[in-house]
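Novice: For reference, the structure I am asking about is given below.
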Amino acid sequence: MLKEFFTAALGMQNQNTRLEVIANNLANANTNGYKSANVFERNLIDASENFNNVSGNVEQNDSPIGSYYDLSAGNYSKTDNPLDIAIDGDGYFLVVDSEGKQYLTRNGAFQLATDGTITTKDGKKLTGEDGEIKISSELFSNPKITQDNKAMNLRVSESGELFLNDSLVGKINIVSPSDPSRLQSVSNGDFILTGNSDMQYLDPNQVKVHQGWLEGSNVNVVNEMVKMIELQRNYEMGGKIIQINDQTLDRSIALGRFI
């Protein structure tokens with residue numbers, strides 16, 4: 001009887017985790033560069049042994065379910081914004097926060113900060129070969145570059161070189177993790193590297209970026225909704241199993257009092 005309780009509760013716990021992952025995917029369906037998450041079962045052998053009264057470690061702190069990311073590219077859309085940049089192929093932009101912590105992202109919606117740095121919407125700074133890419137005030141005031149204060153043109157080549165008119169500002173870093181399974185999603189489609197994994201800087205010949213384009217999320221909203229409906233039904237079924245077994249146990253206890 002108690003095995004049925006444990007089996008149903010374990011299944012409901014897994015379904016709840018799946019629902020949380022799907023809900024997060026749907027919430028980020030419009031987040032540029034977001035990569036959808038999926039889940040998979042693990043420790044099934046330990047679980048099976050535990051159900052058969054064989055010593056196992058299924059009753060551990062970690063849920064017998066894990067997650068992974070679909071790192072395929074999302075849909076590309078043309079924006080004509082000079083600071084919208086999309087990566088064609090593998091690789092990630094390398095950005096840093098105010099504390100110098102590094103993040104990998106496919107979200108190429110950048111903006112020009114007041115100090116001349118190029119940042120993400122949440123303030124992380126885009127890096128290049130020489131550190132943070134920054135358009136200095138000297139470049140803005142140089143008449144040879146600004147063409148006597150006429151319109152300035154920010155241009156990004158396919159290899160990631162950023163120009164202010166014809167003056168080179170910097171070369172955008174495009175990096176690739178040595179072990180993609182070590183990527184951990186944090187927020188806004190950004191990743192951090194965990195464990196002992198490192199990253200490599202891609203050769204310019206391996207890099208191809210497109211200015212005025214954005215990569216969207218790779219979340220398939222219809223598929224996620226279908227999975228959510230199915231999981232909700234499975235979760236409700238698990239609850240009914242626990243309820244029925246609880247009622248049966250109560251009756252057994254009641255009958256036992258008269259024996």
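Novice: Once you've got the Cα coordinates, tell me which of Lys35/Lys121; Lys121/Lys227; Lys78/Lys227 are over 28 Å apart.
Specialist: Lys121/Lys227; Lys78/Lys227
Novice: Moving on. Compute the length gained on full extension between Glu236 and Arg182: take 0.36 nm times their separation in residues and subtract their Cα-Cα distance, giving the result in nm to one decimal. Don't skip to the end; give the middle numbers.
Specialist: Working: separation 54, 0.36 × 54 = 19.44 nm, distance 3.39 nm.
Result: 16.1 nm gained on full extension.
Every number in this text was worked out from the coordinates using simple rules, so none of it is lab data. Every value quoted in this text rests on a predicted model; they were computed, and no experiment measured them.
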